[in-house]
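**Student:** Just dropping this structure here.
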Amino acid sequence: MLRDKTRTTTTYSVSEIYPSIQGEGLLVGTPSLFIRFHGCNLRCPWCDQPESLTFKKPNMDLESLLERVSLYHQRHVVLTGGEPMAQPDLHLLIEELIKRSYTVQIETNGTLWNEKLKDLDIHITCSPKASAKYYVHPEVLRRAKELKFVVDDELSLNVLKREEFLPFLEKGVAILQPEGNKKHYLEKALRLQEELLREGYTVRVIPQIHKLIGLK
């Protein structure tokens, strides 16, 4: 298929596109353009984007999406949702963004994987979820740059110390994010951080910075 035809026949279910800063994880503070997709395979009780959970009919082709991206000055694009990995042709969008010299970050719950992403230079932020019993696809674990755990009633020291998560603790690229920036979850995050410190692991406690300063 010709490239121009691919751009007009490949479609995505886009909820919104907006500029902001990355308010979570290791890249906090980075000026970013967010592309939020409709549809998620999980139902976390505290989800802060319930309007993006339902799978909807694709509403934007690749060419139009790239044109929208070009209207903004941000050179870092964050693909989020919903669950972006649920978009079957996500790799085509990422390939085009990389060709245009954008850096690309995917925020994912880690349960899904697209094999066509394996050779792409992307920053994968994986946030294991209690609603999936903290399962993460092995290929996501192999390629993720960071693990971001939402600190809620379910998260425990035993979860954080699972065998598959230990490499991230050892590298210092695990983040504890208090759910909803609530005080009692911040206190729990600090307790978990202290417990891990005693065992030789350093994790970072990072709230949702964008919400603290009043950004989307």
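**Student:** Tell me, what is the percent relative contact order of the range 6-107, built from C-alpha pairs under 8 Å that lie six or more residues apart? Write out the running numbers ahead of the final one.
**Tutor:** Numbers: 192 pairs, mean separation 32.7, N = 102.
Once normalised by length, the contact order is 32 percent.
**Student:** Which whole-Hz ³J(HN,Hα) couplings does the range 80-92 yield from phi under the Karplus relation 6.51 cos²θ - 1.76 cosθ + 1.60, θ = phi - 60°, glycine and proline marked x?
**Tutor:** My calculation for the range 80-92 gives 9, x, x, 10, x, 5, 7, 7, x, 10, 4, 4, 5 Hz in order.
**Student:** Return a whole-number percent for the relative contact order of the range 102-176, with Cα pairs under 8 Å and 6 or more residues apart as the contact set. Please list the in-between numbers first.
**Tutor:** On the way: 99 pairs, mean separation 20.7, N = 75.
Rounded, it is 28 percent for the range 102-176.
**Student:** At 0.36 nm per residue, minus the direct Cα-Cα distance, what do residue 98 and residue 163 gain on full extension? Give it in nm, one decimal, please.
**Tutor:** Separation in residues times 0.36 nm, less the Cα-Cα distance, equals 20.1 nm.
**Student:** Now, a different point. Residue 21's amide H: which non-local residues (gap 5+, or another chain) put their own amide H closer than 5 Å, with H modeled 1.01 Å from N in plane and none for Pro or chain starts?
**Tutor:** Result for residue 21 returns 32.
**Student:** If you average the sequence gap of Cα pairs under 8 Å that are 6 or more apart and divide by the length of the chain, what percent do you get for the contact order?
**Tutor:** About 17 percent, as a whole number.
**Student:** Whole number please: convex hull volume per residue of the Cα set in the chain, in Å³?
**Tutor:** Working: hull volume 24.8 nm³, N = 216.
Each residue corresponds to 115 Å³ of Cα convex hull volume.
**Student:** Using a 7 Å offset from the Cα along the Cα-to-Cβ direction at both residue 20 and residue 170, what is the distance between the two label points in nm, to one decimal?
**Tutor:** 3.5 nm
**Student:** Oh, and also: Rounded, prolate or oblate: pick one for the range 1-99, where a ≥ b ≥ c are the square roots of the eigenvalues of its C-alpha gyration tensor, a/c under 1.5 means rounded, and failing that, prolate if a/b is larger than b/c, else oblate.
**Tutor:** oblate
**Student:** Under 13 Å from the 7 Å Cα→Cβ point of residue 202, by amide nitrogen: which residues of the range 156-174?
**Tutor:** Of the residues in the range 156-174, 169-174 have backbone N under 13 Å from the label point off residue 202.
**Student:** Here is a further query. So if R0 is 30 Å, what FRET efficiency would residue 70 and residue 41 give, r being the distance between their Cβ atoms, rounded to the nearest 0.05?
**Tutor:** Once rounded, the FRET efficiency stands at 0.50.
**Student:** If you don't mind, there's one more thing I want to ask. Counting each DSSP H run of 4 or more residues in the chain as -39500 (n - 2.57), what helix-only mean residue ellipticity at 222 nm follows after dividing by all residues, to the nearest 500 deg cm²/dmol?
**Tutor:** Rounded to the nearest 500, it is -7500 deg cm²/dmol.
**Student:** Next up: Can you tell me the mean projection area, over all orientations, of the convex hull of the range 57-110's alpha carbons? Units nm², please.
**Tutor:** So the mean shadow area of the Cα hull is 3.9 nm².
**Student:** Another question, if that's okay. List the residues, sorted by chain then number, that are 5 or more residues from residue 151 or on another chain and whose placed amide H is less than 5 Å from its amide H.
**Tutor:** 177, 179
**Student:** Something else: Karplus couplings for the range 107-116 from phi (6.51 cos²θ - 1.76 cosθ + 1.60, θ = phi - 60°), rounded to Hz, Gly and Pro as x?
**Tutor:** 9, 9, 7, x, 7, 10, 8, 10, 4, 6
**Student:** Does a label point 7 Å from the Cα of residue 209, set along Cα-to-beta-carbon, have any residues of the range 109-137 with amide nitrogen under 18 Å, and which are they?
**Tutor:** Within reach of a label on residue 209, which here means backbone N under 18 Å from a point 7 Å along Cα→Cβ, the range 109-137 contributes 123-126.
**Student:** If packing is taken as the average count of other Cβ atoms within 10 Å, what order do 43-49, 17-23, 145-151 fall into, highest mean first?
**Tutor:** Ranking, from highest mean packing down: 145-151, 17-23, 43-49.
**Student:** Let me ask something else about it. Share of antiparallel DSSP beta bridges in the chain, in percent to the nearest 5?
**Tutor:** Values: 9 of 30 bridges.
Around 30 percent antiparallel, to the nearest 5.
**Student:** Moving on. In nm, to one decimal, how far is the modelled label at residue 154 from the one at residue 61, with both set 7 Å along Cα→Cβ?
**Tutor:** 4.0 nm
**Student:** While we're here: Quick one: Cα centre-to-centre distance for the range 85-102 and the range 50-66, in angstrom?
**Tutor:** 14 Å
Coordinate-derived values only; no laboratory data. Note that the coordinates shown come from a computational prediction; the quantities given were computed from them, not determined experimentally. Reconstructed Cβ throughout: ideal geometry from the backbone, glycine too, with neighbour counts over all protein chains shown.
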